[in-house]
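Right, one structure below, let's go through it.
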Amino acid sequence: MKRATEIELKILEAGLFLAGAEDISGGERFHLGIGAVISVYDNGTVLVQGKLKPKYRAWGYRTLKRILPKATIWKDR
């Protein structure tokens, strides 16, 4: 199973709203309803960008930290 597919399933299992998904050069990008944008590249890199909505900041951050790989790169948190 592709890493992007695994992460997409984890997002859904965690109860996060997946507002959109798109193919990008070298991977896939997921737009979450809580404000985060997660890019998963074919080389294994996972990048989280965007600002979490204030209402979901603490819960969303903890949830994403739990489901994403330890080597995930965080920007604009």
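For SER25, what accessible surface area do you get with a 1.4 Å probe? Give it in Å², rounded to 10.
110 Å²
In sequence order, what are the phi-derived ³J(HN,Hα) couplings for region 25-39 according to the Karplus relation 6.51 cos²θ - 1.76 cosθ + 1.60 with θ = phi - 60°, rounded to whole Hz, with x for glycine and proline?
So the Karplus estimates, Gly and Pro as x, are 4, x, x, 9, 10, 10, 9, 9, x, 8, x, 7, 10, 10, 9 Hz.
Mean shadow of the chain, computed from the convex hull of its alpha carbons, in nm²? Intermediate values should be presented prior to the final figure.
Values: hull surface 18.4 nm².
Projected area, direction-averaged: 4.6 nm².
Under the 0.36 nm per residue contour assumption, what length would be gained going from the current alpha-carbon distance of LEU9 and LYS55 to full extension? Please list the in-between numbers first.
Numbers: separation 46, 0.36 × 46 = 16.56 nm, distance 2.35 nm.
Separation in residues times 0.36 nm, less the Cα-Cα distance, equals 14.2 nm.
Ordering LEU32, LEU18 by accessible area with a probe of 1.4 Å, largest first, what comes out?
Sorted by accessible area, descending: LEU18, LEU32.
Got the relative contact order for the chain handy, in percent, Cα pairs under 8 Å and 6 or more residues apart?
Numbers: 115 pairs, mean separation 18.7, N = 77.
Relative contact order of the chain: 24 percent.
Might you work out the accessible area of ARG29 for me, using a 1.4 Å probe with all protein chains in place, and round it to the nearest 10 Å²?
Counting only protein heavy atoms, the figure is 60 Å².
Counting only the heavy atoms of the protein chains, how much of LEU68 is accessible to a 1.4 Å probe, in Å² to the nearest 10?
LEU68 has an accessible surface of roughly 10 Å² with all protein chains in place.
Ignoring ligands, DNA and RNA, what percent of the 1.4 Å accessible area of the chain is carbon and sulfur?
Details: 2440 of 4810 Å².
In the chain, the share of accessible area belonging to carbon and sulfur is 51 percent.
Residue separation times 0.36 nm, minus the C-alpha to C-alpha distance between ALA71 and ILE24: what's the value? Could you put the intermediate results ahead of the total?
On the way: separation 47, 0.36 × 47 = 16.92 nm, distance 2.04 nm.
Taking 0.36 nm per residue and subtracting the Cα distance, the gain is 14.9 nm.
The values are calculated or read from the model by the stated rules, or taken from the named source; none is laboratory data. Remember, it's a predicted structure, so these values are computed and weren't measured experimentally. Protein only, heavy atoms only, side chains kept; ligands, DNA and RNA dropped before computing areas. Shrake-Rupley method; radii C 1.70, N 1.55, O 1.52, S 1.80 Å.
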